[in-house]
Every structure is written in C-alpha cells, then in structure tokens.
Protein chains: 2
Amino acid sequence: MTPILPSEVDVLIVGAGPAGLMLALWFSRLGIVTRIVDKRTDKVFSGQADGFQARTLEILDSFGIGERVWKEANRMFEVSFWSPNPDGRIQRNSRAPNNVASLSRFTESVLHQGRMESFFLDGITASYPHPASPTHEIRVERMVIPTSLSIDEKKVDNDDAYPLTVTLQHLSEEEATPTQRLSNLSDGLFRSNLANDDVPSMIEQLNGRKNMREEVVRAKFVVGCDGAHSWTRKTLGKDFEMHGEMTDFIWGVLDIVPITDFPDIRNRCMVHSASSGSLMIIPRENKLVRLYIQLTEVSAGGGRVDRSGITPEAIFKAAQKIISPYKLEYHYCDWWTAYQIGQRVGDKFSKSDRVFLAGDAVHTHSPKAGQGMNVSMQDAYNLGWKIGLVCKKILHREILSTYELERKQIAKELIAFDHKFSKLFSGRPAKDVMDETGVSMEEFSTTFNMSHMFTSGIGVNYKPSALVAKPPEHRIVKSHLEVEADQIAAHGRAQSSLFLATNCTPGMRFPSFQVLAQSDARPWQLHRKMPSDGRFRLVVFSGNISNPTRQRLVNDLGAWLSTDVLSRYPLMALSPGSDPHTSTMKFKPDHYPSIIDVLLIHTAKRAEVEILRDLHEVYHPFDPKLGWDYDKVFADEESYHDGNGRAYEGYGVDPDEGALVIVRPDGYVGLVASVEKEGWEEASKWFQGVLRSI
Amino acid sequence: MTPILPSEVDVLIVGAGPAGLMLALWFSRLGIVTRIVDKRTDKVFSGQADGFQARTLEILDSFGIGERVWKEANRMFEVSFWSPNPDGRIQRNSRAPNNVASLSRFTESVLHQGRMESFFLDGITASYPHPASPTHEIRVERMVIPTSLSIDEKKVDNDDAYPLTVTLQHLSEEEATPTQRLSNLSDGLFRSNLANDDVPSMIEQLNGRKNMREEVVRAKFVVGCDGAHSWTRKTLGKDFEMHGEMTDFIWGVLDIVPITDFPDIRNRCMVHSASSGSLMIIPRENKLVRLYIQLTEVSAGGGRVDRSGITPEAIFKAAQKIISPYKLEYHYCDWWTAYQIGQRVGDKFSKSDRVFLAGDAVHTHSPKAGQGMNVSMQDAYNLGWKIGLVCKKILHREILSTYELERKQIAKELIAFDHKFSKLFSGRPAKDVMDETGVSMEEFSTTFNMSHMFTSGIGVNYKPSALVAKPPEHRIVKSHLEVEADQIAAHGRAQSSLFLATNCTPGMRFPSFQVLAQSDARPWQLHRKMPSDGRFRLVVFSGNISNPTRQRLVNDLGAWLSTDVLSRYPLMALSPGSDPHTSTMKFKPDHYPSIIDVLLIHTAKRAEVEILRDLHEVYHPFDPKLGWDYDKVFADEESYHDGNGRAYEGYGVDPDEGALVIVRPDGYVGLVASVEKEGWEEASKWFQGVLRSI
C-alpha cells in the first residue's frame, strides 16, 4: 500500500515514545485515521526506561506483543537490602520477593526502551490490512515537529468537524540531530531532565531557512505525548503548567556488564552506604546491569547543577565507593545518564476534550521506581480506546472527560509515592534508633515491600463515573467531574453489587484466572480471551447450567441480550488484531456481531454440557462462512495438564449466585450485577450511559 | 554478507523439507559450511504435515523456535471416540486426554508445515553472523537438483578430504514447476504417495536443453532428505531399496473451516461409522479442521488406484456420509489430498558414513498418527550434531555409525505402530463381541490410549553404544553394530549406575523440571539451560552443599574437572544461538570455555549459598570481559511465584547420594554415574569414548 499521508485525520499524535506508540497501536487496531510525528531521527537504541510493571505486561499481552517482552526481558524475583553494619561496612540485611505472587501472572521485568518501541512498531504493522481502514496505514513520521496549533471552539461539539489545525515542519536530518547527540556515550545527559529543551532552538533555526517544508493538517483530536518539555503543553498556555518541585538530589545511571565480586549482582539490590550515598542495582537482559548511583559530590544547591562534573567516570567512581569493599569494574558500558530528583504534575490533562496530554507531558518524577514509562503507556492505554470509539460514533463523546478524572489521580499517587521513596532512598542511613536525622533501614524496606500493589500497577482503582459503576456508598463525596458524569447518565446510573464478585472491583482491572474451553478442554487465562480490540465484554458467571433452572435463566438472559441489547449497539469492522496471538489467519469474518462480546463461564461438569444443544445462540454466534463460534463458553474445572484455575473462587463469585461483570475495552471492571433479571437492567443502564445506540 | 556459494562444502543437504531444514539449522548454529538444495520453487504454503509431538516441541524450543509453534498451533487436549450404537447411528462412546500430563511440559499440537518451515528459515538466519563462519551463511537454494553423485572410497577415512562429488543442475522456474501444480486445489495429489516421482522426467527434460546451468560441488558429507521418491537413495543402488507393503486402504484429507452441528468438532475425534468407513477429526489453527476420511468407494485392489475418482467433492461426500446424521458443510477449503496406506523402511541409512538418508527417504507410513514429520525431523536432529562435531574434529568420526543404530530402530517401531493403528482404524467396527471380523472399539481406544509414550516421541530409547552407557545387564544381546561400537571404545566403556537417577535413563531424553537460579531466584525449566548449541552437559546433582563434606566433594570434583577433563577438550567458537531465547545480545564472549558445560543443581537452602564464596570456579567460569558466569548453579527449592519444581524427585535422585548425568548435545542421557570419585572415572571414560582430546 502506498503510504498516503492524509491532511485530514481523526487523530494527530505528537511524539513517538512509549505513550505515543501505545496510542498509535490502539488506533491501528481500531482502524482510525491517525498520523504520529516525532522530532527525532530514530527510535531509542539503548538505555532510557527499562522497567515493566506486571500490569503493563498484561496490557502489552492484550495486543499480542507482551510475550516478546516477557521472553527477552530480565524478570526480577528477589530484592536484597544492603546497609552498613556497626563498623560502617555494607552487608545484606534482608531479602524479600520483588513481587507479590498473587497479583498477576506476570512479574516485574526489565528490557531497554528501544526494544519495546520495536515491538510496538511491529504490532502496528500487524494491524494491516484493516477492513475499516483500507487505504490508510499508521507509520511513524520522524524528523517532523508541529509549530502551531489552533482550536476552532465553535466546532468542538460537532462530531463530524475537524476543529484542530496544526502546522507541521519537516526537518532535515541535520536539523533534527541535536549537536550534543554525536554518540550515545558522548553526552548521556541528552534526554535527561538536566538537558535543556531543544525544540525552541529547532524552531528558531527553521525561521531562517529558505525551503520551508511545511504542511497543514486538520484533526479531530491531538494528543501531546511529547515528553517533559512538551511543546503541546506549552502551546496550550499557562493553565497547563506543571506544578511541583525539584530536590537537590542528583543521581547517575550506568548500564554496564559488571565485573564484580559483589554477591548479589544478579539480584535487585538497594544499597545504602554509611556516608557515600545510595545505589540501586537492577539486573538487566544480556548480562547488563543498571546501576542508579547517588552523586553526593554534585549538588543542585540553589537550583543550578554543574553539568560539567557529571561524567561516566565520575558516576562510576561514586558507585565503586558505595559498593566498597567489594570490587567493581567493567569492560562494556551500554549507556549512561544523570538526573535531578523532582516531581511535577499538570492541573489539566485536556483542552476542550479535543487536545490531550499524556505521559511525561503532564507528570514527571524520578525513574528509580520503574514507574515512568508504565504510567505513560497506561495514560495512553486509557485514552486510546475512548478517542477511537468516539471517532467511530460508538461511545458518547462525553466519556472523554473520564480520561482526566481517571489518570490525574494516578499521576498524583505516583508523585506522592516517588516523593516518599526517593527521600528514604537518598537519605543517609540512621546509625541507630537514636539517630533521628538518618533514615531507618527498617522503614525503608517496609515501605518498599508494602508498595507492590502500587508499583505493579495492579492497584489502580479509578473513580466512579459513567464507566465505573460503584455502589452508592462509594459515591457520597462527589467532585464536580463526577457530578458532570452523573448528568451524562441521564437515564439514571447503573449500580454495582460488589458482594456478587468480591475480587472484581469496579474501577480496578478485571483479573485473570484459568478456565477451560468448553469445546476442546484447552486451559486459557481468561485475559487471553479479552484482547484489546475495542470491544466491551459481558462476562456471564452462570453457575451450574446442568441445573435446569439455571440453564433456563442463562438462556432467557441470552434471548434478552440478543433482542434488547446486542442489536442496539453497532456491528464493528473486525480488526486483524482480534486474535493477536496468531498471525496466520487466512480466512476471516468481516465483522464482530456486536461491540459487546458475551463470554460464559459455568460451573457444570464440562462433559455434561453441549454448547449447541444446551445454550442460546448468543453464546455461540453463527457466521455463514465460519459456522458457530465455539470459543465463548468456558468451564471452571480441573484441566488435564495444568491444574485447576478455580476461577469462581478467584473472581469471588458464589456458583449458587452467579454474576454479570462488564469489562471495559481496557480491561477495567465497569459493573458487577446480578445474573438474575434485576442485574440485566443494571447492565442495560450501564451500556446506555456509555454507548450510543442505533 | 554477499552469499558466496562454495564449491567445497562440509555438507550438502538434498531437500529442504522438515528433515533438511532441521539439519541446516544445526549446521548454522555450529558454523558448518553447508549448502542445501531443493527441487521445488518454494516452501509449502498450506496443508501437508501438521502434527507436532511433545518431543518435537522440546527440540524446536532448544533452538529458540518452539515458542512460535507453541503460540500459533492448536493444542489438543482431549480425544473423543465415536462409534455406532445398536441402531447404527454414531454416538460418543468415551473421552480421554489426548496426552499424558507428566510426559513433557508440551502437548501435541497442530500447525501447517509451511508455517514451521518459515520458523526454521528464521532460525537459520538468526544464527548469523557466526564467529566460526564469518564469510558463509546457509541459505536454501531452490530449483536445484543433483544429477550425479560419486564417492571416492579411498578418501572416506581422511578427515580433511572431500570424498563426495555431486553435480547440481539449476532449473528454470518452468522446469521446476510440475504441470499438475497449477494451484493447491487443482490437484491435491501433488506430493501424495499416489503421485508419481517427477524427478526422472525433470532430469530427462534437462538433457534436451541448450544452456546447461550445471555446477560441480565437492562435499565431506551428503544427506538425502529428499522424500519418499528420494533421488539420493535411488542413486545409492539396490542395497538401499525400502521394504514393506502397501494396503488397499485409501484415505482422503481435507483442511476446511467446517459448518457443522457435530458437537465435538473442536476436539480430536476418532469416528467409526457402521458401514461408511472411518473419520479422524483434527482441529487446527485458525478455525480450520483437518478431516482424515476413509474412501470406501475407491480401492487399490491389485495395486492400481484409479486417481480420477479422487476429487475433493468425492472425499467430502464420504465425510458427510460417515458423520451423518450430523450435518457437515463448508465455505472455505484450504487444502486436500489422498493417500494409500502402507509402510516401508530401508535397510541401510548410510553409505560409508559419508552419505546419509533421513526422513521419508528411508521410511514411509501413513500420516494419521501425526508421526511422519516428527520422526523425520528427529532423524535429522540425531544426525546433525554428530556430522557437525565430526567436521569440527571434536567427535570421533566412528560415532557417525550410531545414526543408523539409533534411528533405524525408531523407524521400525513407527512402522509397527502405524501398521497396527491403521488396521484398527480402517476396519469395520464390530457389531458385538461375537462379530469376529469387525474391530473391537474397546481394543481401538485402548490401543490409542496406551500409545502416548510412543506418539509423544518421549518414549524413544536408544540402544547402547559409545554414546549411551547402559549398565552391563542391558547389553547382553549385542548386535554387530554394538560390538563395533564396543571396539571403538578401546579404553573400556563407561557404565551407568541407573539407581542414582531413576528417571534419567541412558538412551532416553533427559527430562525437564523447574529449578531456581542461585543468582536471582528465577525459576527455569532446566531444558532452557541446555540449548542445542553443540555442547555436552555434565549435570552435577550435588545434594546439600551447605554440608561441609558435600561442599568439599563438589569442589574437589570441580578441581578435577578443571584440570583433568575440561582442559582436554577443545574450546569452541560461540554460536549466537547460545541463548536462542533472546535476540538482543549486543556484547558477547568469543567462545565457550569448553565443549562440556557444567551445571550444578544443589539441595541446600538457596539463601545459605554464595556462588563465589562456596564453589569452585568451574561452577562460575570467569571471562575477562563478562566477569563471572552466574548462570550455572541452581537450587531445588520452592520459587516465589511458580511453586516447587521438586527436581531431585523428578529426576529420581536421592539428595544424600547425588549423581552425575552426562547429557548429549541432542538432550539424550549418555551416562548416569556417582558424584563420588568412582563416578568421575566413568564420566572420564565416557568422554574419552566420544570426544577427541587435545
């Protein structure tokens, strides 16, 4: 396909880092006309962010690219805490698991950002050809910067209008290459928060040039994923400034293949030395190890950092000092940088729900907790399907306001965590309990060990809105946004009955347990049946359908869903990413039967159930070319080879009660309701509040 | 790299199907100068073989390509047996697991052959650049046929000679395309055993042409992987003819997306109808289903089959009749063929241990048991490292005779199994116990269920030889080849002590259990630490090394290995496939310290062991650029997230006794010996019998 670059697009994404690529991936799967531009000449090749939360891996897996990270990354299982003994010599104080086992089937892993960017690009390519986008493919356009953005406020409420106008400048290779970036090692501070914003000088340079390669693009939406110095944010004006403060702590980072007799070099380690500062060890893929090294001899006192003192040699010497008396040398260094610890967050994440900011463009913090890239990607993961389904006129446009509602809260939690953790880690260890200015090593390790829910990304719990039906008692204190969201749901908002599925919390991600496919006894993690393809899932926990009363109930539910629900919500052109885990599909249906995908999980004996004989067609939809779909019904039963998933137990559902759970396209729980008739009404209300019916 | 096609090669492979590609993959990993030619214009795109045994998946995983099959294939978990009820209507008689759980971490899977060939080609490409092969890369040369082969018998015992001379003809696209192959569907019998050999007519055609594109290649070894009509085999003369017989049973095969109300269409099914013949259902990837259909209206009576009656329509009608009263239709057909059931095997698998035959070139049988492609690949897997290490002068050349010793036995077992199974499946089901000419349905399902050890490929148990040290009592009856092998081991052959590792049987594949990496607590399937890179593994089951006596013992063993064993066997240029599961290695050592890789598995508490402090350097080899290797020591302990591997229990090793196990480069157990001094001598003898020392 010839890459036609349209001058009218649904979405323009500024910046092709992790947040921008996550958005592009979503839009490629949904068949949205999108352009994505980046000022740099190429993607990242080494260093930069490297930590993947369990939740991020779940998300990448839902697009079919998680396995590649999971395979190549170094997985971290154990963390060791080192601190000075009474003589001042460092010793291992304790070990702890680096993750809590029950949170996710994934664990925290590290792999350099450039590798992950490759997987995103491959994942975008794999979306095409796309039935909803026959002539357009998303490709990252490098060496392109926006230089102006205007919003036609008169058009922002018009679904079909392109209210945004952006001027793009195409740079030459020379213009796009900052002078300091002659090689990775020549100035590791490139991309650091100690580096200056280079965009203004780029733009200034452009003013002098003769052959302007300028282009005007009209867009329905613009998303600024353009990092801490975000041009998009600055263009939106003063209201969008970030607030927060920098500290005096400066840290260096080295990616090396270490030669050392330090015994825990392949473990994650937190080392507090007596008086030389602290060190974090992150074992990486390919025998690399990342060292985060406190630079006690460089300070940001008075706000100005002397960058000339920050060299890889100085950083390495600081590391040797902290880890002494163990020896540390290296032959190969892959990357280095340094940064100043500080936390900032923006007040507003969007302008008129037409221009959005995501990732570092609205929140910055220090990298050591391995959160930054994850939270950035998850901002984009939250936003992508909302914009995409609004463009397709499937979702009420007002749902876009939930982006700021949901993600600003997470940014604030991140900043509070980083503030606390950085302070404890940069502080001098207390000599004894009487040493009040020192940091208690017990408090430090306890803080670390208590934070798994947060640092894994599994703890995210979004506020109530049309998308998140909490039970009434959770909504007593309402912010103005929630009130607004209430007004959207003019029909009266759906309410959850939490006790029906005690491990499915509205606003939190729907967890994954193993279930058995009714049709062929294959064990599946249920997440694998819920790929990121833009569909909502209605998970029917039916209980024992061998019981005639139960069977009649789920079939009545099926008939009702079929006539009163699924038919009201539009068909959807199938994305080739529908089963992202296989790439050899030769023969495909043309569309999904509905934007709502119904999955049934029963507790009958698998051998006593026949899908066609016992169940309403909503649970085995018929396609004239493919026959019946046998892939929607699952048993909660012991597998032949892989044990018992105990899914009902895991989800907290009583088989005698059953439950209905609505899961959003991003995997977060929207509603928990009864499988009996009163629950059907709640589900119906929920969908009415979110989806446009035909 | 420019593809230079050398006219002197270590190995010439004839045929780029699964056997030829497996050999090419081995040689690419070992850096062997190899050419591989195939008469066809392209690889297979649909249909053909599709079944992957558990053992095949283990082997593919050892090259880093197993996960791709595992991910895309359809895995089969359950088999249903259908047969006529007293009224003659088919009904489900029983269900059974399709695999035995404890045999392997993989289960039988199906994916079409062409996809797998792609993975092989990618796996070969991933081997380069190769330090031992800086100017040569293996690439499949298509549209090339050999037309003459001569062996200079005077040179066959000379390590440095090229005793084989082969003439290759380069075909035009037209010459390489058989007329019948205009499209997959136009003649499904292309590649079937009902098709004629097309090579003689190709060669005849060549004689008339003007611009001969002929080339002469000299080789140390030639391997014929050129299928049932093998040109290589025919060229070797009468001694190499295959023996066996064809039956009158003709079966058709269809790959379709079925539209049916047959309830078990996504299960593997064995259907015997009352009088319309039998049907096997193999659910495939991408909603495809393969049907093996007995064609009762076509017969091979008198040896001649009327091919004109075999059309996809006729095959489909036969299927409809068998499955009636259930309805069966389809909209999409991916592939079809038909074949005549029969079994043949060759007497000789090699000529002068310089020309070898593998796969269908030496044994043919019917495809239904999903064995053919697997046994072919495993022939090549057995042969590849042997030829490769002989070329590198690491292995005694006499070891090559073990190829026929080991693989002919497997071919014979396969043929016996196929004979029995085909007869039971093609027979008319007995009406009752008095119906003696009918097949008992109980006998059929029992035979199927008893055959898992064989059909999974895990049951392979090679005969004693220099490579397989059985205890004396296993060697009472000796074939002449074993006697020959005995003579090779002039130093006296090593003997195994089976009771020390009761689940590690010399001649069978070393199983895989989960162990924990000492350095970072990561759980590993031990197979993942034994990639197919040409190295032998010495697995040291040390028991509890926190016990000072045990610790002294393993360190004495380490010192002895270091001075008396490892130093005697050559260094080896590192293959980039050394860790086939990551592809981002930027910085690598230049070589392995030895062809013998020492792995230590202990039962001490992991937290009480420090690798550098407690263990001899043989267990943590030092590299000046990479530092110490922390990846050789494992604990048999509960993991943080993935349970307890119970490896000692799995391998059948008593922690108080310990054991030494030698594992061959193909993963088969060579020796089980004591970890005490008497075992060291056995290990030393074993290596002397196999490896050339320096």
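The values are calculated or read from the model by the stated rules, or taken from the named source; none is laboratory data. Since the structure is predicted, the reported quantities are computational estimates derived from the model, not experimental observations. As a convention, Cβ positions derive from the backbone with ideal geometry for all residues, glycine included, and neighbour counts pool all protein chains shown. Ligands, DNA and RNA are excluded from the accessible area calculation, which covers all protein heavy atoms including side chains. Shrake-Rupley method; radii C 1.70, N 1.55, O 1.52, S 1.80 Å.
Surface listing: A:ASP157, B:ASP347 arranged by accessible area from highest to lowest gives A:ASP157, B:ASP347, probe 1.4 Å.
Distance from the C-alpha centroid of segment A:425-453 to that of segment B:502-521: 41 Å, rounded to the whole angstrom.
Each principal axis of the protein assembly as shown carries a Cα extent, and these read 91, 75, 68 Å when sorted largest first.
Each eigenvalue of the Cα gyration tensor of segment B:109-258, multiplied by 5 and square-rooted, gives one semi-axis; in descending order these are 30, 23, 19 Å.
Inter-copy label distances for A:GLU676: 7.2 nm (label point placed 7 Å from Cα along Cα→Cβ; shortest first). Determine, from the Cβ-Cβ distance of A:ASN449 and A:GLU681 and an R0 of 45 Å, the FRET efficiency 1/(1 + (r/R0)^6), rounded to the nearest 0.05. So, using R0 = 45 Å, E works out to roughly 0.55.
Accessible surface for B:MET572 stands near 10 Å², nearest 10, in the context of the full protein assembly shown (1.4 Å probe). Treating r as the C-beta distance of A:GLU608 and B:GLU313 and R0 as 25 Å, the FRET efficiency rounds to 0.10. Segment A:ASP306..A:LYS327, full-extension length gain: 4.7 nm, with 0.36 nm per residue of separation and the alpha-carbon distance subtracted. Here B:ASP347 yields copy-to-copy label distances, from shortest upward, of 9.5 nm, the label point defined as 7 Å from Cα along Cα to C-beta.
So, in Å, what gap is there between the alpha-carbon centers of segment B:10-32 and segment B:619-690? So the separation of the two Cα centres works out to 30 Å. When shorter helices are ignored and each DSSP H run of at least 4 residues is given -39500 (n - 2.57), the per-residue value for chain B at 222 nm works out to -7500 deg cm²/dmol. Accessible area ranking (1.4 Å probe, heavy atoms, ligands and nucleic acids excluded), largest first, for B:TYR640, B:TYR381: B:TYR640, B:TYR381. Of the residues A:TYR381, B:LEU599, A:VAL37, the one whose Cα sits farthest towards the positive end of the charge dipole of the protein assembly as shown is A:VAL37 (charges of +1 on Lys and Arg Cβ, -1 on Asp and Glu Cβ, taken about the Cα centre). Take the alpha carbon atoms of segment B:67-108, find their center, do the same for segment B:356-416, and report the distance between the two centers in whole angstrom. When both Cα centres are located, 28 Å separates them. The solvent-accessible area of A:HIS229, taken with every protein chain present and a 1.4 Å probe, is close to 70 Å².
Could you calculate the contour length gain from A:PHE622 to A:VAL100, that is, 0.36 nm times the residue separation minus the distance between their Cα atoms, to one decimal place in nm? Write down the numbers at each step before the final one.
On the way: separation 522, 0.36 × 522 = 187.92 nm, distance 4.22 nm.
Extra length from A:PHE622 to A:VAL100 when fully extended: 183.7 nm.
For the pair A:ARG213 and A:ASP261, a Förster radius of 45 Å applied to the C-beta separation gives a FRET efficiency near 0.20, rounded to the nearest 0.05. Summarising the label geometry, the points placed 7 Å from Cα in the beta-carbon direction at B:MET434 and B:GLU153 lie 6.5 nm from one another. One way to sum up the overall shape of segment B:245-340 is the equivalent ellipsoid from its Cα gyration tensor, whose semi-axes run 23, 14, 12 Å, largest first.
So for chain B, what are the equivalent ellipsoid semi-axes in whole Å, largest first, each being the square root of 5 times an eigenvalue of the Cα gyration tensor? If you can, show how the numbers build up before the last one.
On the way: eigenvalues 375, 207, 104 Å².
The equivalent ellipsoid of chain B has semi-axes of 43, 32, 23 Å.
Cross-link partners of A:LYS420 among lysines, defined as those whose alpha carbon lies under 23 angstrom from its own and excluding same-chain residues fewer than eight positions apart: A:LYS368, A:LYS408, A:LYS412, A:LYS431.
Net charge near A:PHE316, counting Lys/Arg +1 and Asp/Glu -1 over other residues with Cβ under 12 Å of its Cβ? Don't skip to the end; give the middle numbers.
Details: positive: A:LYS317, A:LYS321; negative: A:ASP255, A:GLU313, A:GLU329.
Here the count lands on -1.
With the label put 7 angstrom out from Cα along the Cα-to-Cβ vector, B:ASN207 ends up 8.5 nm from the copy partners, going from closest to farthest.
How big is segment B:356-462 by the Kirkwood estimate over distinct Cα pairs, in Å?
Values: mean 1/r = 0.0634 Å⁻¹.
Across segment B:356-462, the inverse of the average 1/r is 15.8 Å.
Among the trypsin sites (Lys or Arg not before Pro) in segment B:391-442, those located in a DSSP loop and surrounded by at most 15 other Cβ atoms within 10 Å of their own Cβ are B:LYS393, B:LYS431.
Of the trypsin sites (Lys or Arg not before Pro) found in segment A:1-104, those that fall in a DSSP loop while having at most 13 other beta-carbon atoms within 10 Å are A:ARG89.
Accessible area per residue was computed with a 1.4 Å probe on protein heavy atoms; B:ILE545 scores about 0 Å².
Taking 25 Å as the cut-off for C-alpha to C-alpha distance, list the pairs among B:LYS632/B:LYS677; A:LYS463/B:LYS71; B:LYS470/B:LYS605; A:LYS423/A:LYS463; B:LYS220/B:LYS348; B:LYS154/B:LYS463 that go past it.
Violating the 25 Å Cα-Cα cut-off are A:LYS463/B:LYS71; B:LYS470/B:LYS605; A:LYS423/A:LYS463; B:LYS154/B:LYS463.
Mind checking which lysines have their Cα closer than 18 Å to the Cα of A:LYS625? Skip sequence neighbours fewer than 8 apart in that chain. Cross-link targets: A:LYS586, A:LYS588, B:LYS287, B:LYS327. Ranking of B:PHE417, B:PHE349 by solvent-accessible surface, largest first: B:PHE417, B:PHE349 (1.4 Å probe, protein heavy atoms only, all chains present).
Full extension of the segment from B:ASP122 to B:GLU442, taken as 0.36 nm per residue of separation minus the current Cα-Cα distance, would add 110.7 nm. For A:LYS39, a cut-off of 17 angstrom between C-alpha atoms picks up these lysines, skipping any fewer than 8 places away in its own chain: A:LYS234.
In percent, what relative contact order does chain A have, based on Cα pairs under 8 Å that are 6 or more apart in sequence? It would help to have the intermediate numbers written out before the result.
Details: 1480 pairs, mean separation 105.1, N = 694.
Relative contact order for chain A comes out at 15 percent.
Closest approach of a chain A beta carbon to the axis mapping chain A onto chain B (residue, whole Å): A:GLU67, 4.
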